[in-house]
Amino acid sequence: MALLVNRENKDVLKQRLKEENIERKTISFYRYVTISNPQELRDELFKVWSNWNCFGRIYLAHEGINAQMSVPAVHWEEFVDYVNSITHFKDIEFKHAVDGNGKSFYKLVIKVKEKIVADGIKDPDFDPSKTGQYLDALAFNNALSDPNTIVVDMRNHYESEVGRFEGAFCPDADTFREELPLVIDHLNGQEDKKIIMYCTGGIRCEKASAYFKHKGFKDVNHLKGGIIQYAKEIKEKGLESKFKGINFVFDERIGERITDDVLSECHQCGTACDTHVNCKNDDCHLLFIQCPECNEKMKGCCTTECVDIIALPIEEQRKLRKGRVKNGPECLAVYKSRLRPNLKEIIKNNLSLKNI
């Protein structure tokens, strides 16, 4: 049986998407449900969705599905009917992107995982189905106005850096599994207070709300459909957006603007900016915030070392990468995750050395 994956070069796929002239819908959906054979379902989904030229990133596990997708509008009704025909996913809720830009993914990736959201929870008594209460946009706004409410952002630091709800506690964490103990520690002694939480599309909060209840918190609530659904509701109902800035998304768009507020700054020069980019050096790809001026000056790179590397012939770049330990001390991929470099200081020092 042929391997059900797309092996085409990503640059070719991206160019093909750029030249495509069909309408697409960017959506997300998830459900916690027991799937007995996720690999078998994975292969079925891949064959059907590939036939319709659907793109996206989908995770399947015994605990359910987590999907972000780009679906051709011409196949939208077929897609909805097909998903609803699967018993596990009947009447599942689709959340549509704020900006309506369908060019969010350039290929279809479906992976079977241990969990659809890696949480690090080992407690055998934890029941993820015992979730907190849903809040729609209006109820969430009303809860925010109560000074006794504790607001928690269940996203990673780089997400909350560019957009967040007013007054939210934003954990300084890189992953969901890191956030859970940080939030529990932050909320220690406040088990009787009203807790409201939010994330991008709702999936992380769904599990987090159940976990916090398991840990003894009494009044646990979460934003239904996450920031994506919130942005849609406030627009439809004419409500004030208490969320400010950009909603970070995990696709080619990187972010959806919710309000004009700019909450962050360029990591290289400090000017007001909220544009995330990945370093152009293929051996780095650090995710950081870069203003247009620095992007031009640094050629889309995070440091002067990376600028020097991308100037080399491609074969020389490959030689540098060969044999490196991925994300290890010998890897030039340098500054990912918790290392979070001070790019302003690094660039300043490197330029000073070059001028000696």
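The values are calculated or read from the model by the stated rules, or taken from the named source; none is laboratory data. Computed from a predicted structure; not experimentally measured. Reconstructed Cβ throughout: ideal geometry from the backbone, glycine too, with neighbour counts over all protein chains shown.
Scanning for something surrounded by fewer than 15 Cβ atoms within 10 Å (Cβ to Cβ), of a type in the set (D, E) and at pLDDT 90 or above, does region 6-14 turn up at least one residue?
no
If I go through region 185-219 residue by residue, how many of them are of a type in the set (V, I, T) and either at pLDDT 95 or above or in contact with a Leu (Cβ under 9 Å, 6 or more places away or on another chain) (or both)? Don't jump to the end; show me each part of the working.
Going residue by residue through region 185-219, those that are of a type in the set (V, I, T) are 195-196, 200, 203.
This time we only want the ones that are either at pLDDT 95 or above or in contact with a Leu (Cβ under 9 Å, 6 or more places away or on another chain) (or both), so: 195-196.
Counting residues in region 185-219 that are of a type in the set (V, I, T) and either at pLDDT 95 or above or in contact with a Leu (Cβ under 9 Å, 6 or more places away or on another chain) (or both) gives 2.
Does I258 satisfy the condition of being out of contact with any Leu (no Cβ under 8 Å at 6 or more places or on another chain), touching a residue at least 60 places away in the same chain (Cβ under 8 Å), in the same structural domain as M197 (by TED's automatic domain parsing) and among the β-branched types (V, I, T)?
On the way: out of contact with any Leu (no Cβ under 8 Å at 6 or more places or on another chain): yes; touching a residue at least 60 places away in the same chain (Cβ under 8 Å): yes; in the same structural domain as M197 (by TED's automatic domain parsing): no; among the β-branched types (V, I, T): yes.
Here the answer is no, as I258 does not meet what is asked.
Kindly list, by first and then second residue, each pair from a residue in region 227-242 that is farther than 21 Å from G255 by Cβ to a residue that is among the acidic types (D, E), limited to pairs with Cβ atoms under 9 Å and residues at least 6 apart or on different chains.
Matching pairs, first to second residue: L239/E233.
Against the conditions (1) modelled with pLDDT under 95; (2) crowded, with 19+ Cβ neighbours inside 10 Å; (3) within 14 Å of F217 (Cβ to Cβ), where does V152 fall short? Just the number, please.
Going through (1) modelled with pLDDT under 95; (2) crowded, with 19+ Cβ neighbours inside 10 Å; (3) within 14 Å of F217 (Cβ to Cβ) one by one, V152 breaks only (1).
Go through region 223-250 and give me each residue that's crowded, with 20+ Cβ neighbours inside 10 Å and over 15 Å from N142 (Cβ atoms).
Hits for region 223-250 are G225, G226, I227, I228, Q229, A231, G245, I246, N247, F248, V249.
Could you tell me which residue of region 277-325 is farthest from I254 (Cα to Cα), considering only residues that are among the β-branched types (V, I, T) and not in a loop (DSSP other than H, G, I, E, B)?
Taking region 277-325 as the starting set, the residues that turn out to be among the β-branched types (V, I, T) are 277, 289, 303-304, 307, 309-310, 314, 325.
Subsequent filtering for residues that are not in a loop (DSSP other than H, G, I, E, B) retains 277, 289, 304, 307, 309-310, 314.
Details: V277: 8, I289: 11, T304: 24, V307: 22, I309: 25, I310: 23, I314: 27 Å.
It comes out as I314.
Being closer than 16 Å to I203 by Cβ and either assigned to a strand (DSSP E or B) or among the small types (G, A, S) (or both) narrows it down to one residue among A118, A139, A143, A173; which is it? Talk me through it step by step, then tell me what you get.
Details: A139 fails: closer than 16 Å to I203 by Cβ; A143 fails: closer than 16 Å to I203 by Cβ; A173 fails: closer than 16 Å to I203 by Cβ.
Among A118, A139, A143, A173, only A118 is closer than 16 Å to I203 by Cβ and either assigned to a strand (DSSP E or B) or among the small types (G, A, S) (or both).
All but one of (1) more than 11 Å from L108 (Cα to Cα); (2) in contact with a helix residue (DSSP H, G or I) (Cβ under 9 Å, 6 or more places away or on another chain) hold for T87; state the number of the condition that does not hold.
Exception for T87: condition (2).
Does region 25-41 contain any residue that is within 22 Å of K10 (Cα to Cα), surrounded by 19 or more Cβ atoms within 10 Å (Cβ to Cβ), basic (K, R) and touching a residue at least 60 places away in the same chain (Cβ under 8 Å)?
Checking region 25-41: at least one residue is within 22 Å of K10 (Cα to Cα), surrounded by 19 or more Cβ atoms within 10 Å (Cβ to Cβ), basic (K, R) and touching a residue at least 60 places away in the same chain (Cβ under 8 Å).
Only residues that are of a type in the set (D, E, K, R) and outside any strand (DSSP E or B): list them for region 209-229, please.
We begin by selecting, within region 209-229, every residue of a type in the set (D, E, K, R); these are 213, 215, 218-219, 224.
K213, K215, K218, K224, listed by residue number.
From the set of residues in region 83-119 that are under 29 Å from F212 (Cα atoms) and of a type in the set (G, A, S), which is modelled with the lowest pLDDT?
Taking region 83-119 and keeping what is under 29 Å from F212 (Cα atoms), we get 88-97, 111-119.
Next, from what is left, pick out any that are of a type in the set (G, A, S): 97, 118.
Numbers: A97: 83, A118: 89.
Looking at the filtered set, the residue picked out is A97.
Quick one: is I195 in contact with a helix residue (DSSP H, G or I) (Cβ under 8 Å, 6 or more places away or on another chain), of a type in the set (V, I, T) and more than 20 Å from I121 (Cβ to Cβ)?
Working: in contact with a helix residue (DSSP H, G or I) (Cβ under 8 Å, 6 or more places away or on another chain): yes; of a type in the set (V, I, T): yes; more than 20 Å from I121 (Cβ to Cβ): no.
It is false that I195 is in contact with a helix residue (DSSP H, G or I) (Cβ under 8 Å, 6 or more places away or on another chain), of a type in the set (V, I, T) and more than 20 Å from I121 (Cβ to Cβ).
Which of the residues that make up region 176-208 are farther than 23 Å from A97 by Cβ and part of a loop (DSSP other than H, G, I, E, B)?
N188, G189, Q190, E191, D192, K193
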